[in-house]
Amino acid sequence: MIEPIASQPALIDQVHDSLIAAIADGTLPPGERLTQESVAAMLGVSRQPVSHALQVLRMRGLAVETGKRGLVVAPLDSGRLLELYQVRAVLEGLAAKLAAKRVRDGQAKAADKQALAIALHEGSELKRDAGVKAMIAADVAFHTALHRLAGNTAIVETVDSQWPHFMRAMGAVLANTDRRIAVWTEHEEIAGLVLSGLPEQAEKAALRHIESAAKATASGIESPKPAA
């Protein structure tokens, strides 16, 4: 069930973010019909912000028109996700390398290093049976902290624009509770190398992590498991 949200100035953004979270964790599965009336009722808002948010989802490829059924949640496209992961692997490797260099050279802000450590701790502390939504949020928080520690805003901006698609991929993977352990073990390795100031090793670990995530995503899409 999607929780209602309070009315605030950035209501369209809130509706948009709530819908992305619901699509990512499987609350709104591929093929689910998206009408202004039904979404407005679920979120407890008026139809106007819903209309705008749905159009943004359509433009981003997260929702598609299907004739008589109208707008529905787009299917997961394994080919497109593979392309995105190929790009992301390079960016994540670069982010880890730059972050480790900044730590090694004493250029990293203490707050940024702490943010990565906190994100790692909070994600690792999630119970194995935690909901998919919580696991996705923790995964995004870890990688966002890593990107910021790298000190390259282009990496942050580039990945930010594709997070909705990666969140869907995360949902397909993290619905498998066995995979969750591996994800945070890999995160721990990356963070340890970054915070130890080891650029080359951190880059390789980040590349392995994303390549592993891409394979798990493809497998998860082919053989989807029920959401936690």
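The values are calculated or read from the model by the stated rules, or taken from the named source; none is laboratory data. The structure displayed is predicted, hence computed values, not measured ones. Counting neighbours? That spans all protein chains shown, and the Cβs are built from the backbone with ideal geometry, glycine included.
Among the helices (runs of 4 or more DSSP H) confined wholly to region 114-228, which include 1 or more residues that are touching a Ser or Thr at 6+ places or on another chain (Cβ under 7 Å)? Give the steps one after another, and end with the answer.
Numbers: elements: 132-150, 153-174, 177-195, 199-222.
Per the criteria, 153-174, 177-195, 199-222.
What residue, among those in region 1-20 that are touching a Leu at 6+ places or on another chain (Cβ under 9 Å) and at pLDDT 90 or above, is surrounded by the fewest Cβ atoms within 10 Å (Cβ to Cβ)?
14
Inside region 27-51, can you point out the residues that are surrounded by fewer than 21 Cβ atoms within 10 Å (Cβ to Cβ), part of a loop (DSSP other than H, G, I, E, B) and either modelled with pLDDT of 95 or more or in contact with a strand residue (DSSP E or B) (Cβ under 9 Å, 6 or more places away or on another chain) (or both)?
Across region 27-51, the qualifying residues are 29, 30, 31, 32, 35.
From 156, 140, grab the single residue that is in contact with a Phe, Trp or Tyr (Cβ under 7 Å, 6 or more places away or on another chain), β-branched (Val, Ile, Thr), closer than 24 Å to residue 25 by Cβ and surrounded by fewer than 22 Cβ atoms within 10 Å (Cβ to Cβ).
Unique residue meeting the criteria: 140.
Quick one: which residue in 175, 213, 134 is in contact with a Lys or Arg (Cβ under 7 Å, 6 or more places away or on another chain) and within 19 Å of residue 24 (Cβ to Cβ)?
Details: 213 fails: in contact with a Lys or Arg (Cβ under 7 Å, 6 or more places away or on another chain); 134 fails: in contact with a Lys or Arg (Cβ under 7 Å, 6 or more places away or on another chain).
Within the list 175, 213, 134, the selection yields 175.
How many residues are more than 18 Å from residue 13 (Cβ to Cβ), in contact (Cβ under 8 Å) with a residue 24 or more places away in the chain and part of a helix (DSSP H, G or I) when one looks only at region 52-75?
Of the residues in region 52-75, 1 are more than 18 Å from residue 13 (Cβ to Cβ), in contact (Cβ under 8 Å) with a residue 24 or more places away in the chain and part of a helix (DSSP H, G or I).
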